[in-house]
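The values are calculated or read from the model by the stated rules, or taken from the named source; none is laboratory data. Please read these numbers as outputs of a predicted model, since none were measured by experiment. Cβ placement follows ideal geometry from the backbone for every residue including glycine, while neighbour counts extend to all protein chains displayed.
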Amino acid sequence: MKKTSFFLFLVSFFLLVSCENHIASECSQASVNRQAFAYLKEWYLWYEYLPAINPADYESLDKMIAAVKYREGDKLIDRFSYAVKKEEHDNYYAGKRYGMGMSTQRDENNDIFITMVYPGSPAGEAGLKRGQKLLAMNGVTVEELDENGTYNKEHRNDEDFEEKTDWNNVYNAENKGEAVQFKVLDEGEELETTVVLDDYIGKSVLAYKVLDHDGVKTGYIHFKSFINSSEDELNEVFAHFKEENVEQLVLDLRYNGGGLVKIAHQLVNLIVGDKVKGDEIIKLIYNNKHSEQNYSYKGEVLKNSLSGISKVAVIVSSGTASASEMVINSLTPYVEVVLVGETTYGKPVGMNSRDFCDQTIVPITFKYANSLDYGDFFLGMEADCAADDDIKHDFGDEREAELAVSLYYLSNGKCPSNADVKSFAKRKTIEERIPLQLKGMGKIDYTF
(Lines give C-alpha, C1' and ligand atoms only; values in the text may rest on other atoms or scores of the structure.)
Protein backbone atom coordinates (compact mmCIF):
# COMPACT_ATOMS: atom_id res chain seq x y z
CA MET A 1 0.00 0.00 0.00
CA LYS A 2 2.81 2.34 0.86
CA LYS A 3 4.61 1.53 -2.42
CA THR A 4 1.42 2.20 -4.38
CA SER A 5 0.93 5.54 -2.65
CA PHE A 6 4.56 6.46 -3.26
CA PHE A 7 4.22 5.48 -6.93
CA LEU A 8 1.08 7.61 -7.31
CA PHE A 9 2.87 10.49 -5.63
CA LEU A 10 5.76 10.19 -8.10
CA VAL A 11 3.35 10.07 -11.06
CA SER A 12 1.53 13.15 -9.77
CA PHE A 13 4.82 14.93 -9.17
CA PHE A 14 6.14 14.25 -12.65
CA LEU A 15 2.79 15.23 -14.23
CA LEU A 16 2.88 18.50 -12.30
CA VAL A 17 6.47 19.21 -13.33
CA SER A 18 5.65 18.27 -16.93
CA CYS A 19 2.62 20.61 -16.91
CA GLU A 20 4.68 23.48 -15.46
CA ASN A 21 7.40 22.91 -18.06
CA HIS A 22 4.79 22.90 -20.83
CA ILE A 23 3.31 26.20 -19.63
CA ALA A 24 6.78 27.70 -19.29
CA SER A 25 7.57 26.55 -22.83
CA GLU A 26 4.35 28.06 -24.22
CA CYS A 27 5.16 31.34 -22.47
CA SER A 28 8.77 31.57 -23.55
CA GLN A 29 9.43 34.69 -25.60
CA ALA A 30 10.02 32.64 -28.75
CA SER A 31 6.69 30.84 -28.30
CA VAL A 32 4.80 34.08 -27.56
CA ASN A 33 6.30 35.63 -30.69
CA ARG A 34 5.26 32.65 -32.81
CA GLN A 35 1.70 32.69 -31.47
CA ALA A 36 1.42 36.43 -32.00
CA PHE A 37 2.74 36.21 -35.55
CA ALA A 38 0.21 33.47 -36.33
CA TYR A 39 -2.52 35.80 -35.04
CA LEU A 40 -1.23 38.58 -37.30
CA LYS A 41 -1.34 36.32 -40.36
CA GLU A 42 -5.04 35.78 -39.69
CA TRP A 43 -6.29 39.12 -38.38
CA TYR A 44 -3.85 41.89 -39.35
CA LEU A 45 -5.57 44.33 -41.72
CA TRP A 46 -2.54 44.21 -44.05
CA TYR A 47 -1.77 40.50 -43.49
CA GLU A 48 -0.82 39.91 -47.13
CA TYR A 49 2.12 42.30 -46.74
CA LEU A 50 3.65 40.64 -43.68
CA PRO A 51 7.31 39.83 -44.34
CA ALA A 52 8.64 36.29 -44.04
CA ILE A 53 10.39 36.22 -40.68
CA ASN A 54 11.35 33.80 -37.95
CA PRO A 55 9.45 35.19 -34.92
CA ALA A 56 11.86 33.46 -32.53
CA ASP A 57 14.68 35.71 -33.76
CA TYR A 58 13.27 38.70 -31.86
CA GLU A 59 14.08 39.26 -28.21
CA SER A 60 10.75 40.95 -27.48
CA LEU A 61 7.25 41.00 -28.88
CA ASP A 62 7.45 44.76 -29.33
CA LYS A 63 10.55 44.45 -31.53
CA MET A 64 8.88 41.80 -33.64
CA ILE A 65 5.83 44.03 -34.15
CA ALA A 66 8.08 46.93 -35.14
CA ALA A 67 9.78 44.75 -37.74
CA VAL A 68 6.59 43.60 -39.48
CA LYS A 69 4.38 46.71 -39.49
CA TYR A 70 3.02 47.61 -42.92
CA ARG A 71 5.08 49.98 -45.05
CA GLU A 72 4.80 51.35 -48.57
CA GLY A 73 8.41 51.59 -49.64
CA ASP A 74 10.20 53.65 -47.01
CA LYS A 75 6.95 55.11 -45.65
CA LEU A 76 5.52 53.55 -42.52
CA ILE A 77 1.74 53.25 -42.94
CA ASP A 78 1.05 51.34 -39.74
CA ARG A 79 2.18 53.84 -37.11
CA PHE A 80 -0.17 52.26 -34.60
CA SER A 81 0.27 48.54 -33.81
CA TYR A 82 2.14 47.78 -30.62
CA ALA A 83 2.73 45.23 -27.85
CA VAL A 84 2.67 45.81 -24.11
CA LYS A 85 2.59 43.93 -20.85
CA LYS A 86 -0.93 42.57 -20.25
CA GLU A 87 -1.12 44.20 -16.82
CA GLU A 88 -0.32 47.65 -18.26
CA HIS A 89 -2.89 47.21 -21.01
CA ASP A 90 -5.62 46.10 -18.58
CA ASN A 91 -4.78 48.85 -16.11
CA TYR A 92 -5.07 51.52 -18.79
CA TYR A 93 -8.62 50.58 -19.75
CA ALA A 94 -9.55 50.19 -16.09
CA GLY A 95 -8.29 53.74 -15.50
CA LYS A 96 -5.61 52.56 -13.09
CA ARG A 97 -2.72 55.01 -12.94
CA TYR A 98 0.27 55.77 -10.75
CA GLY A 99 2.20 58.94 -10.03
CA MET A 100 1.04 62.51 -9.59
CA GLY A 101 -1.66 62.55 -12.24
CA MET A 102 -0.50 65.66 -14.05
CA SER A 103 1.48 66.87 -17.04
CA THR A 104 3.51 70.00 -17.77
CA GLN A 105 4.76 71.94 -20.78
CA ARG A 106 7.13 74.84 -21.41
CA ASP A 107 5.92 78.00 -23.09
CA GLU A 108 7.72 80.25 -25.56
CA ASN A 109 9.71 81.81 -22.69
CA ASN A 110 10.80 78.41 -21.38
CA ASP A 111 8.56 78.78 -18.34
CA ILE A 112 6.79 75.61 -17.18
CA PHE A 113 3.02 75.43 -16.85
CA ILE A 114 0.77 72.64 -15.62
CA THR A 115 -1.23 71.52 -18.65
CA MET A 116 -3.41 68.73 -17.32
CA VAL A 117 -4.48 67.32 -13.94
CA TYR A 118 -6.62 64.23 -13.44
CA PRO A 119 -9.50 64.94 -11.03
CA GLY A 120 -9.02 62.91 -7.85
CA SER A 121 -5.34 62.24 -8.55
CA PRO A 122 -2.61 63.15 -6.04
CA ALA A 123 -2.00 66.40 -7.94
CA GLY A 124 -5.72 67.15 -8.07
CA GLU A 125 -6.14 66.49 -4.37
CA ALA A 126 -3.23 68.86 -3.69
CA GLY A 127 -5.02 71.68 -5.52
CA LEU A 128 -2.84 71.80 -8.62
CA LYS A 129 -4.58 72.70 -11.85
CA ARG A 130 -3.98 73.56 -15.47
CA GLY A 131 -2.65 77.07 -16.06
CA GLN A 132 -0.51 77.31 -12.94
CA LYS A 133 3.12 78.25 -13.49
CA LEU A 134 5.65 75.97 -11.79
CA LEU A 135 8.18 77.90 -9.68
CA ALA A 136 9.96 75.25 -7.62
CA MET A 137 9.98 71.60 -6.57
CA ASN A 138 11.23 70.43 -3.19
CA GLY A 139 12.68 73.89 -2.57
CA VAL A 140 14.70 73.99 -5.81
CA THR A 141 13.64 76.58 -8.38
CA VAL A 142 12.93 75.72 -12.00
CA GLU A 143 15.91 77.81 -13.06
CA GLU A 144 18.21 75.92 -10.66
CA LEU A 145 16.89 72.56 -11.86
CA ASP A 146 17.63 73.58 -15.45
CA GLU A 147 21.11 74.88 -14.62
CA ASN A 148 21.96 71.84 -12.51
CA GLY A 149 20.82 69.53 -15.29
CA THR A 150 23.19 71.23 -17.71
CA TYR A 151 26.02 71.04 -15.17
CA ASN A 152 25.45 67.33 -14.45
CA LYS A 153 25.42 66.51 -18.15
CA GLU A 154 28.64 68.43 -18.86
CA HIS A 155 30.64 67.28 -15.83
CA ARG A 156 29.38 63.73 -15.20
CA ASN A 157 32.67 62.21 -16.31
CA ASP A 158 34.82 64.53 -14.19
CA GLU A 159 36.94 62.77 -11.56
CA ASP A 160 35.59 64.88 -8.67
CA PHE A 161 32.00 65.09 -9.99
CA GLU A 162 29.26 65.59 -7.41
CA GLU A 163 25.75 65.39 -8.80
CA LYS A 164 23.51 68.38 -8.24
CA THR A 165 19.74 68.30 -7.84
CA ASP A 166 18.14 68.38 -11.27
CA TRP A 167 14.95 67.14 -12.95
CA ASN A 168 16.16 63.53 -12.81
CA ASN A 169 16.67 63.36 -9.05
CA VAL A 170 14.57 66.13 -7.48
CA TYR A 171 12.16 63.33 -6.54
CA ASN A 172 11.95 59.57 -7.13
CA ALA A 173 9.00 58.77 -9.37
CA GLU A 174 9.18 55.07 -8.48
CA ASN A 175 8.94 55.68 -4.72
CA LYS A 176 5.25 55.25 -3.91
CA GLY A 177 4.29 57.51 -1.02
CA GLU A 178 7.04 60.04 -1.64
CA ALA A 179 5.97 63.60 -0.86
CA VAL A 180 6.92 66.25 -3.42
CA GLN A 181 6.63 69.92 -2.52
CA PHE A 182 5.43 72.34 -5.17
CA LYS A 183 5.50 76.12 -5.41
CA VAL A 184 3.30 77.50 -8.20
CA LEU A 185 2.01 80.85 -9.40
CA ASP A 186 -1.79 80.95 -9.73
CA GLU A 187 -3.40 84.13 -11.08
CA GLY A 188 -0.48 86.18 -9.70
CA GLU A 189 -0.50 84.51 -6.26
CA GLU A 190 2.24 82.15 -5.06
CA LEU A 191 0.93 78.91 -3.60
CA GLU A 192 2.69 75.97 -1.95
CA THR A 193 1.35 72.44 -1.72
CA THR A 194 2.52 68.84 -1.41
CA VAL A 195 1.79 65.98 -3.81
CA VAL A 196 2.17 62.40 -2.56
CA LEU A 197 2.96 59.83 -5.27
CA ASP A 198 0.31 57.11 -5.24
CA ASP A 199 -2.07 54.97 -7.26
CA TYR A 200 -5.21 56.68 -8.53
CA ILE A 201 -8.04 56.21 -11.01
CA GLY A 202 -7.65 58.35 -14.11
CA LYS A 203 -10.93 60.00 -15.05
CA SER A 204 -11.83 60.34 -18.72
CA VAL A 205 -13.77 63.58 -18.23
CA LEU A 206 -11.35 66.21 -16.93
CA ALA A 207 -13.76 69.16 -16.93
CA TYR A 208 -17.26 70.13 -17.98
CA LYS A 209 -19.56 73.13 -17.54
CA VAL A 210 -22.45 74.99 -19.12
CA LEU A 211 -21.55 78.42 -20.49
CA ASP A 212 -24.07 81.17 -21.18
CA HIS A 213 -22.44 82.51 -24.33
CA ASP A 214 -24.23 85.32 -26.15
CA GLY A 215 -27.46 84.16 -24.56
CA VAL A 216 -27.02 80.57 -25.82
CA LYS A 217 -26.47 77.73 -23.38
CA THR A 218 -23.32 76.00 -24.55
CA GLY A 219 -22.01 72.77 -23.10
CA TYR A 220 -18.25 72.33 -22.72
CA ILE A 221 -16.57 68.99 -22.02
CA HIS A 222 -12.90 68.06 -21.96
CA PHE A 223 -12.83 64.35 -22.76
CA LYS A 224 -9.49 62.61 -22.26
CA SER A 225 -9.89 58.93 -23.14
CA PHE A 226 -12.34 56.27 -24.29
CA ILE A 227 -12.05 53.72 -21.47
CA ASN A 228 -14.46 51.47 -19.54
CA SER A 229 -15.33 54.08 -16.91
CA SER A 230 -16.18 56.64 -19.61
CA GLU A 231 -19.71 55.29 -20.01
CA ASP A 232 -20.88 56.39 -16.56
CA GLU A 233 -18.89 59.64 -16.69
CA LEU A 234 -20.42 60.64 -20.03
CA ASN A 235 -23.92 59.78 -18.84
CA GLU A 236 -23.44 62.06 -15.83
CA VAL A 237 -22.18 64.95 -17.96
CA PHE A 238 -24.90 64.72 -20.61
CA ALA A 239 -27.63 64.33 -17.99
CA HIS A 240 -26.47 67.72 -16.69
CA PHE A 241 -26.33 69.19 -20.21
CA LYS A 242 -29.83 67.90 -20.93
CA GLU A 243 -31.21 69.30 -17.68
CA GLU A 244 -29.67 72.68 -18.53
CA ASN A 245 -31.17 72.59 -22.06
CA VAL A 246 -27.83 72.93 -23.80
CA GLU A 247 -28.27 74.17 -27.39
CA GLN A 248 -24.72 73.82 -28.74
CA LEU A 249 -21.56 71.99 -27.74
CA VAL A 250 -17.80 72.38 -27.49
CA LEU A 251 -16.15 68.95 -27.42
CA ASP A 252 -12.53 69.19 -26.30
CA LEU A 253 -10.50 66.24 -27.64
CA ARG A 254 -7.09 67.94 -27.86
CA TYR A 255 -5.32 65.29 -25.74
CA ASN A 256 -7.54 62.31 -26.57
CA GLY A 257 -5.67 59.54 -28.36
CA GLY A 258 -8.64 57.18 -28.55
CA GLY A 259 -9.74 53.90 -27.01
CA LEU A 260 -12.94 51.87 -27.10
CA VAL A 261 -15.29 51.94 -30.11
CA LYS A 262 -18.32 51.32 -27.89
CA ILE A 263 -17.62 54.61 -26.08
CA ALA A 264 -17.27 56.47 -29.40
CA HIS A 265 -20.67 55.04 -30.36
CA GLN A 266 -22.16 56.20 -27.06
CA LEU A 267 -20.73 59.71 -27.41
CA VAL A 268 -22.15 60.20 -30.90
CA ASN A 269 -25.56 59.03 -29.68
CA LEU A 270 -25.44 61.37 -26.68
CA ILE A 271 -24.70 64.36 -28.91
CA VAL A 272 -27.06 63.72 -31.85
CA GLY A 273 -29.12 60.63 -31.04
CA ASP A 274 -32.26 62.21 -32.50
CA LYS A 275 -30.54 62.77 -35.86
CA VAL A 276 -28.76 59.41 -36.25
CA LYS A 277 -31.42 57.01 -34.98
CA GLY A 278 -31.40 53.80 -37.03
CA ASP A 279 -28.49 54.83 -39.29
CA GLU A 280 -25.26 52.85 -39.57
CA ILE A 281 -23.06 55.54 -38.07
CA ILE A 282 -19.87 53.52 -37.47
CA LYS A 283 -18.88 50.74 -39.86
CA LEU A 284 -16.05 48.35 -38.99
CA ILE A 285 -14.45 46.55 -41.96
CA TYR A 286 -12.07 43.60 -41.40
CA ASN A 287 -9.67 41.92 -43.83
CA ASN A 288 -11.05 39.51 -46.44
CA LYS A 289 -10.29 36.49 -44.26
CA HIS A 290 -12.77 37.70 -41.67
CA SER A 291 -15.36 39.75 -43.54
CA GLU A 292 -18.02 37.95 -41.47
CA GLN A 293 -16.83 40.12 -38.57
CA ASN A 294 -17.78 43.35 -40.36
CA TYR A 295 -20.16 45.25 -38.12
CA SER A 296 -22.17 48.44 -38.11
CA TYR A 297 -23.05 50.41 -34.99
CA LYS A 298 -26.48 52.00 -35.38
CA GLY A 299 -27.52 55.35 -34.06
CA GLU A 300 -29.99 55.45 -31.18
CA VAL A 301 -31.57 57.88 -28.75
CA LEU A 302 -30.22 57.31 -25.26
CA LYS A 303 -31.73 58.43 -21.97
CA ASN A 304 -29.35 61.39 -21.80
CA SER A 305 -29.14 62.20 -25.51
CA LEU A 306 -29.35 65.89 -26.37
CA SER A 307 -31.91 67.08 -28.87
CA GLY A 308 -31.70 69.83 -31.43
CA ILE A 309 -27.91 70.10 -31.55
CA SER A 310 -26.98 71.52 -34.96
CA LYS A 311 -23.45 72.85 -34.33
CA VAL A 312 -20.52 71.19 -32.59
CA ALA A 313 -17.09 72.79 -32.18
CA VAL A 314 -14.38 70.18 -31.61
CA ILE A 315 -11.01 71.22 -30.18
CA VAL A 316 -8.30 69.05 -31.75
CA SER A 317 -4.55 68.64 -32.02
CA SER A 318 -2.01 66.20 -33.41
CA GLY A 319 -2.81 64.27 -30.23
CA THR A 320 -6.42 63.73 -31.35
CA ALA A 321 -6.57 60.21 -32.78
CA SER A 322 -8.45 56.98 -33.33
CA ALA A 323 -11.82 56.89 -31.50
CA SER A 324 -11.71 60.70 -31.27
CA GLU A 325 -11.48 60.97 -35.05
CA MET A 326 -14.17 58.29 -35.31
CA VAL A 327 -16.57 60.52 -33.36
CA ILE A 328 -15.78 63.52 -35.57
CA ASN A 329 -16.17 61.45 -38.74
CA SER A 330 -19.48 59.99 -37.56
CA LEU A 331 -20.93 63.38 -36.58
CA THR A 332 -20.02 65.13 -39.83
CA PRO A 333 -22.91 63.84 -42.01
CA TYR A 334 -25.50 65.06 -39.48
CA VAL A 335 -24.42 68.37 -37.94
CA GLU A 336 -22.12 71.28 -38.68
CA VAL A 337 -18.77 70.34 -37.18
CA VAL A 338 -15.94 72.87 -36.92
CA LEU A 339 -12.46 71.73 -35.93
CA VAL A 340 -10.45 74.18 -33.84
CA GLY A 341 -6.71 73.81 -33.22
CA GLU A 342 -4.47 71.89 -35.61
CA THR A 343 -4.53 68.85 -37.89
CA THR A 344 -5.46 65.61 -36.10
CA TYR A 345 -3.24 62.53 -36.03
CA GLY A 346 -4.87 60.51 -38.81
CA LYS A 347 -5.90 57.02 -37.68
CA PRO A 348 -8.95 55.72 -39.57
CA VAL A 349 -8.22 52.16 -38.44
CA GLY A 350 -8.73 50.19 -35.24
CA MET A 351 -7.46 47.29 -33.18
CA ASN A 352 -8.46 44.08 -31.48
CA SER A 353 -6.10 43.15 -28.69
CA ARG A 354 -5.03 39.57 -27.96
CA ASP A 355 -3.29 38.22 -24.86
CA PHE A 356 -0.40 35.76 -25.00
CA CYS A 357 0.63 34.76 -21.49
CA ASP A 358 1.57 38.00 -19.69
CA GLN A 359 1.86 40.03 -22.91
CA THR A 360 -0.72 41.75 -25.10
CA ILE A 361 -0.52 42.42 -28.81
CA VAL A 362 -2.60 45.34 -30.14
CA PRO A 363 -2.46 45.23 -33.94
CA ILE A 364 -4.53 47.01 -36.57
CA THR A 365 -7.35 44.63 -37.50
CA PHE A 366 -10.02 46.80 -39.14
CA LYS A 367 -10.70 50.10 -40.86
CA TYR A 368 -13.79 52.17 -40.22
CA ALA A 369 -16.16 54.48 -42.05
CA ASN A 370 -19.16 56.71 -41.32
CA SER A 371 -22.72 56.48 -42.66
CA LEU A 372 -21.50 57.92 -46.00
CA ASP A 373 -18.79 55.22 -46.22
CA TYR A 374 -16.05 57.77 -45.71
CA GLY A 375 -13.01 56.98 -43.61
CA ASP A 376 -9.90 57.93 -45.54
CA PHE A 377 -7.95 60.42 -43.42
CA PHE A 378 -4.55 58.89 -42.82
CA LEU A 379 -3.08 62.39 -43.11
CA GLY A 380 -5.38 63.65 -40.36
CA MET A 381 -8.33 66.01 -40.33
CA GLU A 382 -7.31 69.59 -40.99
CA ALA A 383 -8.51 72.24 -38.55
CA ASP A 384 -11.05 74.76 -39.82
CA CYS A 385 -9.92 77.43 -37.36
CA ALA A 386 -6.34 77.55 -36.12
CA ALA A 387 -5.66 78.13 -32.43
CA ASP A 388 -2.85 77.44 -29.99
CA ASP A 389 -3.16 75.16 -27.00
CA ASP A 390 -3.35 77.89 -24.36
CA ILE A 391 -1.62 76.28 -21.39
CA LYS A 392 -1.94 79.41 -19.25
CA HIS A 393 -5.68 78.98 -18.72
CA ASP A 394 -7.69 76.09 -17.33
CA PHE A 395 -10.10 73.91 -19.31
CA GLY A 396 -13.48 75.62 -19.60
CA ASP A 397 -12.08 79.11 -19.01
CA GLU A 398 -13.52 81.35 -21.75
CA ARG A 399 -10.18 83.16 -21.89
CA GLU A 400 -8.47 79.94 -23.07
CA ALA A 401 -7.53 80.46 -26.72
CA GLU A 402 -9.02 77.33 -28.29
CA LEU A 403 -12.27 77.60 -26.35
CA ALA A 404 -12.50 81.29 -27.25
CA VAL A 405 -12.14 80.52 -30.96
CA SER A 406 -14.71 77.72 -30.66
CA LEU A 407 -17.25 80.02 -29.03
CA TYR A 408 -16.60 82.72 -31.62
CA TYR A 409 -17.33 80.30 -34.44
CA LEU A 410 -20.51 79.01 -32.81
CA SER A 411 -21.76 82.59 -32.51
CA ASN A 412 -20.59 83.96 -35.87
CA GLY A 413 -20.38 80.97 -38.22
CA LYS A 414 -16.79 81.81 -39.12
CA CYS A 415 -13.29 81.80 -37.67
CA PRO A 416 -11.93 84.97 -36.05
CA SER A 417 -9.56 86.87 -38.33
CA ASN A 418 -6.48 85.74 -36.39
CA ALA A 419 -7.33 82.05 -36.86
CA ASP A 420 -6.13 81.62 -40.44
CA VAL A 421 -5.22 77.96 -40.87
CA LYS A 422 -2.89 78.57 -43.82
CA SER A 423 -0.58 80.79 -41.78
CA PHE A 424 -0.63 78.49 -38.77
CA ALA A 425 2.67 76.72 -38.07
CA LYS A 426 2.22 73.04 -37.26
CA ARG A 427 3.53 72.06 -33.84
CA LYS A 428 5.33 68.89 -32.82
CA THR A 429 4.08 65.58 -34.14
CA ILE A 430 2.41 63.13 -31.81
CA GLU A 431 5.44 60.83 -31.92
CA GLU A 432 7.59 63.66 -30.56
CA ARG A 433 5.27 64.57 -27.73
CA ILE A 434 3.92 61.26 -26.40
CA PRO A 435 5.68 59.03 -23.89
CA LEU A 436 3.80 55.76 -23.45
CA GLN A 437 4.48 55.48 -19.72
CA LEU A 438 2.80 57.68 -17.13
CA LYS A 439 5.22 57.97 -14.23
CA GLY A 440 5.09 61.02 -12.03
CA MET A 441 4.80 64.31 -13.88
CA GLY A 442 5.51 65.69 -17.31
CA LYS A 443 3.91 62.84 -19.21
CA ILE A 444 0.60 62.44 -21.01
CA ASP A 445 -0.70 58.97 -21.73
CA TYR A 446 -2.14 58.11 -25.11
CA THR A 447 -3.34 54.81 -26.41
CA PHE A 448 -3.70 53.74 -30.04
Here are some residues: Ala66, Ala36, Ala83. Which one is assigned to a strand (DSSP E or B), under 27 Å from the mean Cα position of the chain (by Cα) and not β-branched (Val, Ile, Thr)? Ala83
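Per-residue answers, yes or no, for (1) closer than 30 Å to Tyr39 by Cα; (2) assigned to a strand (DSSP E or B); (3) acidic (Asp, Glu); (4) within 19 Å of the chain's Cα centre (by Cα):
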{"position": "Ala321", "(1), (2), (3), (4)": "yes, no, no, yes"}
{"position": "Gly346", "(1), (2), (3), (4)": "yes, no, no, yes"}
{"position": "Ile361", "(1), (2), (3), (4)": "yes, yes, no, yes"}
{"position": "Tyr374", "(1), (2), (3), (4)": "yes, no, no, no"}
{"position": "Leu379", "(1), (2), (3), (4)": "yes, no, no, yes"}
{"position": "Asp389", "(1), (2), (3), (4)": "no, no, yes, yes"}
{"position": "Lys414", "(1), (2), (3), (4)": "no, no, no, no"}
{"position": "Asn418", "(1), (2), (3), (4)": "no, no, no, no"}
Return yes or no: is Arg71 touching a Gly at 6+ places or on another chain (Cβ under 9 Å) and not assigned by TED's automatic domain parsing to the domain that holds Asn169? no
When you go through Val180, Val195 one by one, which is the residue that is modelled with pLDDT of 95 or more, in contact with a helix residue (DSSP H, G or I) (Cβ under 6 Å, 6 or more places away or on another chain) and not small (Gly, Ala, Ser)? Val195
Among strands (runs of 3 or more DSSP E) completely within the range 99-168, the ones holding 3 or more residues that are within 22 Å of the chain's Cα centre (by Cα) and not aliphatic (A, V, I, L, M) are 102-106
When Thr343 is evaluated against the numbered criteria (1) in contact with a helix residue (DSSP H, G or I) (Cβ under 7 Å, 6 or more places away or on another chain); (2) crowded, with 19+ Cβ neighbours inside 10 Å; (3) of a type in the set (Ser, Thr, Tyr), which criterion, by number, is the only one it fails? (1)
For the range 47-63: of the residues being part of a helix (DSSP H, G or I) and of a type in the set (A, V, I, L, M), which is nearest to Lys86 (Cα to Cα)? Leu61
Look through the range 223-249, keep the residues that are over 22 Å from Pro348 (Cα atoms) and either small (Gly, Ala, Ser) or within 19 Å of the chain's Cα centre (by Cα) (or both), and return whichever of them is surrounded by the fewest Cβ atoms within 10 Å (Cβ to Cβ). Asp232
Is the range 334-343 home to any residue that is closer than 21 Å to Ala66 by Cα and in contact (Cβ under 8 Å) with a residue 60 or more places away in the chain? no
Here is a list: Tyr93, Tyr58. Which entry is free of Cβ contacts under 8 Å to residues at least 60 places away in the same chain and among the aromatic types (Phe, Trp, Tyr)? Tyr58
